[in-house]
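The values are calculated or read from the model by the stated rules, or taken from the named source; none is laboratory data. No experiment lies behind these values; they were computed from the predicted model shown. Note: areas computed on protein heavy atoms with side chains; ligands, DNA, RNA excluded. Shrake-Rupley method; radii C 1.70, N 1.55, O 1.52, S 1.80 Å.
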Amino acid sequence: MPQEIVILLTSMLPITELRATIPFALTVYGMVPWSAFLFSILGNLIPVVFIILGLDLLINKFLIRKIYIFNRFFSWLFERTRKRHSQKFERWRDLALVILVAIPLPFTGAWTGALAAFVFGVPIKKAFPLIALGVLIAGVIVTTITLGITNL
């Protein structure tokens, strides 16, 4: 399988995302930085749309409407989460989503940003560009750090 496809597919995974695929592409495959960056970014963004739309379809359109226990559970969970974090999220809404995705640490990234956008009801037309911006920032940070370390 071509290196670019491996990087694209690996960056779609929630554990690796671009935080692992850019260093892998640059060090193991010896890809040029712009190619590693591009394929990692694209692979990282593909699942975002499916996560937001898929969760909406699965939870809001199916589980909550069809199964009573899921209705009670998700209503409790979303209410509790929104009550505990909505004040912070509302104040920093757009910036919070970008920062959550841009920080290259475990449990942050496009998957987490898509989940947060879904839970807080950010429309996909607004959430996707914010998540994409965060992914671009994270890509620049990871690429810069990787290139800096490999050149030492």
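Rg over Rh for the stretch 1-90 works out to 1.20, both radii taken from alpha-carbon positions and Rh defined as the Kirkwood radius.
Only protein atoms count toward the accessible area here, which uses a 1.4 Å probe; on the chain, the carbon and sulfur part of that area reaches 72 percent. Accessible area per residue for the stretch 1-149, computed on protein heavy atoms with a 1.4 Å probe, is 58 Å².
Averaging Cα coordinates gives a centre for the stretch 71-90 and one for the stretch 1-21; these two points are 32 Å apart.
In square nanometres and to one decimal, what's the mean projected area of the convex hull around the Cα atoms of the chain? Please list the in-between numbers first.
Values: hull surface 39.9 nm².
Taking the Cα atoms of the chain, their convex hull projects to 10.0 nm² on average.
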